[in-house]
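**Student:** The structure's right below; bear with me while I get my questions together.
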Amino acid sequence: MLREIKKQFMAYRNGIVADMLRAAGMDCYHIIFGLNLPQLSAIARELVFAQTPEQLRLTADALWADKGVRESRLLAMSLYGALQLTSDEALRLMQEIQTREEAEILCLRVLRSHPQAAELAEGIIPDTPLQAHLQQVLARHLA
């Protein structure tokens with residue numbers, strides 16, 4: 001399944017956007033295809049429609065573990081948003097974010113609709129600029 005997803009990433013790739021993201025400091029990723037959020041959302045919709053919840057969770061986990069590919073991480077969050085994550089799973093994602101973009105997409109796709117979103121927001125320890133940003137974004141979504 002991941003091979004098919006990566007083929008879609010290649011089909012949608014945008015070198016200009018990828019170069020701009022690298023220039024903007026997204027150097028934590030080894031690969032940036034340059035896909036935009038509507039493209040990733042379209043891929044996510046296809047996967048949600050075609051897979052069982054168990055398959056979807058496995059796909060999301062594999063994409064999330066692919067820390068070197070921007071689009072894998074962002075797509076994983078869209079897939080997690082279609083699942084019912086436990087608070088522990090949501091906390092794990094919150095602790096593992098790598099960029100401000102990931103923080104914003106995590107809040108948009110997963111955390112704002114989580115049943116314990118307010119408790120999760122209170123549990124963020126803003127000991128790094130990234131965690132402080134995550135806290136601010138989640139508070140904005142919950143306001």
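Here, each number is a calculation from the coordinates, and none is a lab measurement. In this text, all values refer to a predicted model and were calculated from it rather than measured experimentally. With ideal geometry, Cβ positions are generated from the backbone for all residues, glycine too; neighbour counts draw on all protein chains shown.
**Student:** Using only Cα atoms, locate the centre of the stretch 1-76 and the centre of the stretch 86-117, then give the distance between them in Å, rounded to an integer.
**Tutor:** 17 Å
**Student:** Right, something else. Return the distance in nm (one decimal) between the two label points of a simple spin-label model at residue 19 and residue 141, each offset 7 Å from Cα along Cα→Cβ.
**Tutor:** Label at residue 19, label at residue 141, 3.3 nm between them.
**Student:** Okay, next question. Hey, can you grab everything whose amide H is under 5 Å from the amide H of residue 33? Only 5+ residues off in sequence or another chain; H modelled, so Pro and N-termini drop out.
**Tutor:** Here 70, 71 satisfy the definition.
**Student:** Okay, moving on. Tell me, what is a quarter of the convex hull surface for the C-alpha atoms of the stretch 1-83, in nm² with one decimal?
**Tutor:** If I average the Cα hull's projected area over directions, I get 4.9 nm².
**Student:** Of 29, 118, 132, which is farthest on the positive side of the dipole of the chain, counting Cα position, with +1 on Lys and Arg Cβ, -1 on Asp and Glu Cβ, and the Cα centre as origin?
**Tutor:** Projecting each Cα onto the dipole axis, the largest value belongs to 29.
**Student:** Give me the one-decimal Kirkwood hydrodynamic radius in Å for the stretch 14-136, with the sum taken over alpha-carbon pairs.
**Tutor:** Across the stretch 14-136, the inverse of the average 1/r is 14.8 Å.
**Student:** Given 0.36 nm per residue, what is the gain on full extension from residue 36 to residue 127 after removing their alpha carbon distance, in nm?
**Tutor:** Length gained, residue 36 through residue 127: 29.8 nm.
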